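Here is the structure we will look at.
The values are calculated or read from the model by the stated rules, or taken from the named source; none is laboratory data. This one's a predicted model, so the numbers in the text were calculated from it and none came from an experiment. For neighbour counting, all protein chains shown are included, and Cβ atoms are generated from backbone atoms with ideal geometry for every residue, glycine included. For accessibility, only protein heavy atoms count, side chains too; no ligands or nucleic acids. Shrake-Rupley method; radii C 1.70, N 1.55, O 1.52, S 1.80 Å.
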Amino acid sequence: MDRLSRRGFLRTTTVLGGLGAAGMLTACSSATGNATEGGGKAVRTQLSWLKTVTFAGFYIAEQQGYFRDEGLSAPLLAGGPNIPDTVSVVAAGGADVALVDFAALVKARESEADLVAVGAVFQETPGGFVSLAANPVRTAQELVGRRIGLSPGAEVLVEAILKVNNLPVRYERVPVGAGTGPLTKKECDVMACYVTAQPLALEQQGVDVVSVTQGELGLPDYALVMAVRRADLQADRARFAAYLRAVIRGYRHNVKDPELGVRLTLERYGKDLGLDAEAVRRENEVQNDLIRGGADVGGLGHIDPVRLAGPVYAGLRARGIGTLPPVSELLDTALLREAVVD
């Protein structure tokens, strides 16, 4: 979801290992929008990680027939450490929709991959920080001077938060790996995390913690931004409007009936991942708050161009992304209006 993986800022974006990009893309169907054996036009989604409960709305849209209702089939291509980034897959024709963040989308434009955002699953990124309740961090000010557990590259997030809040960039970086041990052992005061992951794992262990999103610290952002090739959108807007409508219906269903998303994750889509049922249930509960967003957002799937141009872009600049295109070139707000769900 940000430049770091959904394992909680503990793995930077992974390039291909033993599997070559060409082989991966060849394995995917290359016929954009062709009818499938089951009938309907295909819209292939390249997920940004393994098939966890993060993508529950997509599972529901498929299982409840929301894609079928729109005349679509919608294969969900699992992500993970051994595939290229989602932008590369879509740019090369291996999928039709990439789930990205805006930093990746801007970078893709620099590489002449002309993708455009059409909606976002998360109104607020789950990226944030976790600390022990006995020594909590709840504000940006409280990051100053702290020992912060960070994976390689994650310091850019901390420094961006301090910069946008006009605070001194002063802290001690504590390198961390894939676990929360450095926090519980008090080797650091606070750790970068996903509020849908590490804090919940610590809660299950009986550890009293405080978590806060980066948005609450002044660095708001969207997550699981749905991006498509501009040429594909121009060629068949109706197909992508139908897709967006089905996805929104799926996540709306998940918000109203989170147990269905949990069950589909455990029993079908993520059944081979060894997931813990209670952890999945709690993650879905927490992420639904971020998917809905606050009272000032435009609704499920919405991306506010004013918010994007304002605080989100300010955060990207603070992270060192200096050249940002006009929002109108990066975002198609009209498609969401065409896909309004009653």
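Observations on the model:
- Any hit, region 193-203, residues being outside any helix (DSSP H, G or I) and touching an Asp or Glu at 6+ places or on another chain (Cβ under 8 Å): yes
- One residue stands out among those in region 277-325 that are open to solvent by 70 Å² or more (accessible area, probe 1.4 Å) and without any contact (Cβ under 8 Å) to a residue 24 or more places away in the chain: the one that is nearest to VAL212 (Cα to Cα), which is ASP289.
- In region 60-87, the residues that are of a type in the set (Asp, Glu) reach residues that are in a helix (DSSP H, G or I) with C-beta atoms within less than 8 angstrom, at least six apart or across chains, in these pairs: GLU62/GLY250; ASP69/ALA246; GLU70/ALA242; GLU70/TYR243; GLU70/ARG245; GLU70/ALA246; ASP85/ALA104.
- The requirement of being of a type in the set (A, V, I, L, M), in a helix (DSSP H, G or I), open to solvent by less than 30 Å² (accessible area, probe 1.4 Å) and touching a strand residue (DSSP E or B) at 6+ places or on another chain (Cβ under 7 Å) is not satisfied by LEU260.
- Test: residue in region 210-233 that is of a type in the set (A, V, I, L, M), open to solvent by less than 10 Å² (accessible area, probe 1.4 Å) and over 24 Å from HIS302 (Cα atoms): no
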